[in-house]
Amino acid sequence: MSALVRLYPRSWRARYEDEFLGLLEARPPTMRDRVDIVRGAIDARRDQRSPNRWERPVWAAAVSAIAAGGLWIAWLVLSVQAFKVAEADPIFGFGRLLATLAGLAAVASHLSLGFASVGRMRGWGGYAAAIAAVGFFITAIGGGAAALFALLGSIGLATAVAGRTVPSIVAVLWVVTVVGVFNAFAALVRTQWTDPSVMYQAIPFGIVWVLVGLTIGLLGMPSAVADGASTGSEG
């Protein structure tokens with residue numbers, strides 16, 4: 001039964017877990033009861049988040065994250081496919097445009113999420129968002145080496161918002177996919193840029209950003225918290 005109780009936010013469990021477990025032991029839940037428990041957990045998490053998930057900073061963070069993820073995926077797929085085309089100049093040109101747009105969207109998404117998370121995320125989040133944004137901007141205009149700082153800043157932001165404005169599991173996936181991007185670029189260098197298909201390893205980073213945007217758009221963000229406090233997005 002403890003697995004069902006863990007669906008509830010930590011702050012709720014701190015107040016009601018012992019009593020709730022006692023009730024479950026005294027009266028084992030039916031299948032219908034289990035469905036009601038899950039529904040109650042969803043409601044409890046929603047109650048702790050912003051009732052107006054479409055206030056401007058939250059809306060901007062959600063939309064920019066989805067856009068960044070979509071453009072990232074489109075850029076990678078097009079870039080890999082362009083290597084298979086004999087007359088690829090037009091495709092390469094469009095790919096460069098997509099790369100620029102994806103980079104600028106990544107700038108917007110990291111800044112928007114950082115801004116919307118002020119008062120909610122851990123203290124270093126603002127610095128991480130700024131580092132990521134500057135790195136992605138330089139990368140977008142042609143400074144490839146800055147991608148390292150962009151990705152490190154992205155990891156910093158992920159850890160800053162984990163369990164605060166983004167559910168912990170999503171933040172963990174975010175960090176894992178950044179590692180995948182590192183691996184993809186390292187593999188590309190090892191093949192001396194002759195096997196672009198290794199870049200498919202970087203696609204999950206875009207998927208996670210779409211997931212971040214959808215999560216924020218659907219659930220909103222919790223109320224501002226002091227550093228170290230529990231929120232509804234923690235597991």
Looking at Leu4, Leu104 in this structure, which one is at pLDDT 80 or above and either crowded, with 17+ Cβ neighbours inside 10 Å or in the same structural domain as Gly126 (by TED's automatic domain parsing) (or both)?
Leu104
Trp193 being surrounded by fewer than 19 Cβ atoms within 10 Å (Cβ to Cβ), of a type in the set (A, V, I, L, M, F, W, C) and either in the same structural domain as Ala133 (by TED's automatic domain parsing) or over 13 Å from Leu113 (Cα atoms) (or both):
yes
Would you check if Leu188 is more than 20 Å from Met121 (Cβ to Cβ) and not assigned by TED's automatic domain parsing to the domain that holds Arg6?
yes
Single match in Ser79, Ser11 (criterion: at pLDDT below 80 and either crowded, with 17+ Cβ neighbours inside 10 Å or in a helix (DSSP H, G or I) (or both)):
Ser11
Just to verify a result, which residue in the range 43-68, among those that are touching a Ser or Thr at 6+ places or on another chain (Cβ under 8 Å), outside any loop (DSSP other than H, G, I, E, B) and not aliphatic (A, V, I, L, M), is modelled with the highest pLDDT?
Ser64
Considering only residues that are touching a residue at least 60 places away in the same chain (Cβ under 8 Å) and at negative phi, which ones fall in the range 147-178?
Arg164, Thr165, Val166, Pro167, Ser168, Ile169
List pairs: first residue in the range 68-80 and of a type in the set (Gly, Ala, Ser), second residue part of a helix (DSSP H, G or I) and modelled with pLDDT of 90 or more anywhere in the structure, Cβ distance under 6 angstrom, at least six positions apart or on different chains.
Ala68/Ala105; Ala68/Ala106; Ala68/Ser109; Ala68/Trp209; Gly69/Gly206; Gly69/Trp209; Gly69/Val210
Which condition number in (1) at pLDDT below 95; (2) under 25 Å from Val166 (Cα atoms); (3) buried (at least 20 other Cβ atoms within 10 Å of the Cβ) is the one that Thr139 fails?
(2)
Just name the residue that is modelled with the highest pLDDT out of those in the range 183-220 that are under 18 Å from Val58 (Cβ atoms) and among the small types (Gly, Ala, Ser).
Gly213
Across (1) part of a helix (DSSP H, G or I); (2) within 13 Å of the chain's Cα centre (by Cα), Arg164 clears everything bar (1)
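The values are calculated or read from the model by the stated rules, or taken from the named source; none is laboratory data. Given the structure is predicted, the values throughout are model-derived calculations rather than measurements. Don't worry about glycine lacking a Cβ; one is built from the backbone with ideal geometry, like all the others, and counts go over all protein chains shown.
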